[in-house]
Amino acid sequence: DDFHLLSKDTRARILAGVPKAVDRGRILVLAGRRLGRRLGNTLALEHLAENEVMSVLTELRPWSGQAEAQQALPRVLALAAGVPLFALELARSPEAEVNLTLLMIIASRLDGLDLDWKMLQTLAMSPDGLDIAILARDLGDAEDQVKAAVGMATRAGVLRPNPDAGGAIRFRHPLVREAVNLLCI
């Protein structure tokens, strides 16, 4: 698990041993994000549907029967947006508050992508997104510089253009936006 967090050299050493393990009848499952080249059978994991997330949450004994949990369910479903880990962590709080664990998970993932935090924080303060010109103005940066930073974050899967808002740039995932907004300093 988390194969993508290993160094390039460590990944190469592990991959070098794969053919021998397969020849001995072993099945290896390497899990990670965007590893570049595909090896063997690759499975892409999709976000869960709302009913699947609800099924996971109702299996949590202390959570499923509480009235507060039922009131928080719409917020959990909206913020988790199909990511089971996010749903489980949000369910730990009676009001589905973003906890320190979620902040650390999201911040460390974003740090590993080497994105422009100032740009992300500016966008996080605007739930409906901003277009490049307004974002550049708010940041005090040149439009081409902001366009490059937005392009990098879009390719990383953090941002996306919103066609319903005239191409305004916004976060792809609602919990990531909320976490970045909470981390604004």
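The values are calculated or read from the model by the stated rules, or taken from the named source; none is laboratory data. It should be emphasised that the depicted structure is a prediction, and the values quoted were computed from it without experimental measurement. All Cβ positions, glycine included, derive from the backbone under ideal geometry; neighbour counts span all protein chains shown. The area values use the complete protein model at the heavy-atom level, side chains included, leaving out ligands, DNA and RNA. Shrake-Rupley method; radii C 1.70, N 1.55, O 1.52, S 1.80 Å.
Brief remarks on what is shown
- Apolar share of the accessible surface for the range 62-155: 57 percent from carbon plus sulfur atoms, 1.4 Å probe.
- Segment residue 118-residue 148, extension gain: residue separation times 0.36 nm, minus the distance between their alpha carbons: 9.4 nm
- Accessible area of residue 177 (1.4 Å probe, protein heavy atoms only, ligands and nucleic acids ignored): about 50 Å².
- For residue 131, the residues whose amide H sits under 5 Å from its own are 169, ignoring neighbours fewer than 5 places away on the same chain, with H placed 1.01 Å from N.
- Nitroxide proxy distance, nm - points 7 Å out along Cα→Cβ at residue 100 and residue 183: 1.6
- Set of lysines with alpha-carbon distance to residue 20 below 28 Å, sequence-local pairs under 8 removed: 8
- Of all lysines in the structure, the ones whose alpha carbon falls short of 20 Å from that of residue 147, not counting any fewer than 8 places away in one chain, are 118.
- Probe 1.4 Å - accessible area at residue 102, Å² to nearest ten: 0
- For residue 54, the accessible surface of its heavy atoms amounts to roughly 80 Å² (probe 1.4 Å, protein chains only, rounded to the nearest 10).
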